[in-house]
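Worksheet: the structure to be examined is printed underneath.
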Amino acid sequence: MGRYAMLEARDVSLSYGATQALRDVSLRVEDGASVALMGASGSGKSSLLHCLAGVIVPDEGAVLIDGIDVTGLPDKDRSRFRLERMGVVFQFGDLVPELTLVENVMLPLQLLGRRTKQARSRARELLDLLGVADLADSRTGAVSGGQAQRAAVARAMVHEPRLVLADEPTGSLDSINAEAVLDALVDLTRGAGATLLVVTHDNVVASHLDTLVTLHDGRVLSAPVNV
Ligand SMILES: Nc1ncnc2c1ncn2[C@@H]1O[C@H](COP(=O)(O)OP(=O)(O)OP(=O)(O)O)[C@@H](O)[C@H]1O
Ligand SMILES: [Mg+2]
């Protein structure tokens, strides 16, 4: 066990106006571990993921990634930090509809200054692993929700981040395809020794991961347990 956890939330609280979405949430994920984040709709899973990813700064508490307090960073530095260290799959996707799948997947590599040719071939490899190689040159707006989700997973993994956060990455897929995409996500992160947090409603998905954290009304219901 390293000196720092790869991912740590300390007493994180967040409200949207009168709605309190997170209440004193604490969480610790060791380097290389994987966690399923579960809980009913509205329990705060996406809110927590957004705080962990540094997309939202919580009202109270802190998020530490590899020992670095990201809540204290200016917005610009937080975005850069996310690009360099994390891969994030958002619940409702955020692929650029005007770009093709391969162009979307290449984006992190290009933002990190990698050569276009290498970025393109790496992006194609990942799309192939995720079973959508034949759609690489289709615009994102012209593929199905499940196919776009696969590309979003590819984009989160393409720059080999140390930490991957995925919000219901298999939510639009049937169980067989969900299993295949999740296997690819778990294999790629384990192979790279990366840390993985997956939001899911699916017990089968959760059973692929090391530990389970459950939210209820914005609180951690259970301490991390082995599944
Ligand atoms: N942008 C927002 N503005 C106001 N309220 C919000 C906003 N986003 C989320 N909420 C509220 O915060 C609470 C937690 O929402 P959140 O999206 O984190 O839940 P979730 O567990 O991800 O749900 P789901 O499983 O449906 O995705 C809910 O009561 C929700 O209505
Ligand atoms: Mg959600």
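Name the residue, out of Val181, Val204, that is in contact (Cβ under 8 Å) with a residue 40 or more places away in the chain and either in a helix (DSSP H, G or I) or surrounded by fewer than 22 Cβ atoms within 10 Å (Cβ to Cβ) (or both). Among Val181, Val204, only Val181 is in contact (Cβ under 8 Å) with a residue 40 or more places away in the chain and either in a helix (DSSP H, G or I) or surrounded by fewer than 22 Cβ atoms within 10 Å (Cβ to Cβ) (or both).
Can you name the residue in region 28-50 that is farther than 20 Å from Leu182 by Cβ and in contact with an Asp or Glu (Cβ under 7 Å, 6 or more places away or on another chain) and is also nearest to ligand 1 (Cβ to nearest atom) among such residues? Once the filter is applied, the top-ranked residue is Ser43.
For region 58-71, state whether one or more residues are outside any loop (DSSP other than H, G, I, E, B), more than 9 Å from ligand 1 (Cβ to nearest atom), touching a Pro at 6+ places or on another chain (Cβ under 8 Å) and in contact (Cβ under 8 Å) with a residue 24 or more places away in the chain. Can you show your working first?
Just the residues of region 58-71 that are outside any loop (DSSP other than H, G, I, E, B), to begin with: 60-65, 68-71.
Restricting the remaining residues to those that are more than 9 Å from ligand 1 (Cβ to nearest atom) gives 60-65, 68-71.
Then drop every residue that is not touching a Pro at 6+ places or on another chain (Cβ under 8 Å), which leaves 71.
From what is left, the residues that are in contact (Cβ under 8 Å) with a residue 24 or more places away in the chain are none.
No, region 58-71 has no match at all.
For region 42-53, filtered to residues that are surrounded by fewer than 24 Cβ atoms within 10 Å (Cβ to Cβ) and either among the hydrophobic types (A, V, I, L, M, F, W, C) or free of Cβ contacts under 8 Å to residues at least 40 places away in the same chain (or both), the residue that is farthest from ligand 2 (Cβ to nearest atom) is Ala53. For His216, the criteria (1) within 16 Å of ligand 2 (Cβ to nearest atom); (2) touching a residue at least 60 places away in the same chain (Cβ under 8 Å); (3) under 22 Å from Leu95 (Cβ atoms) hold in every case but one, which is (3). Just so you know, in region 207-227 the residues that are surrounded by 15 or more Cβ atoms within 10 Å (Cβ to Cβ) and more than 16 Å from ligand 1 (Cβ to nearest atom) include one that is modelled with the lowest pLDDT, and it is Pro224. Of the helices (runs of 4 or more DSSP H) lying entirely inside region 84-178, those carrying at least 3 residues that are farther than 27 Å from Gly32 by Cβ and basic (Lys, Arg) are 116-129. Scan region 184-197 and tell me whether some residue there is under 15 Å from Leu52 (Cβ atoms), at pLDDT 90 or above, away from ligand 1 (no atom under 16 Å from the Cβ) and part of a loop (DSSP other than H, G, I, E, B). The answer is yes, given that some residue of region 184-197 is under 15 Å from Leu52 (Cβ atoms), at pLDDT 90 or above, away from ligand 1 (no atom under 16 Å from the Cβ) and part of a loop (DSSP other than H, G, I, E, B). The residue of region 8-37 that is nearest to Thr71 (Cα to Cα), among those that are without any contact (Cβ under 8 Å) to a residue 40 or more places away in the chain and within 15 Å of ligand 2 (Cβ to nearest atom), is Tyr16.
The values are calculated or read from the model by the stated rules, or taken from the named source; none is laboratory data. Every value quoted in this text rests on a predicted model; they were computed, and no experiment measured them. All Cβ positions, glycine included, derive from the backbone under ideal geometry; neighbour counts span all protein chains shown.
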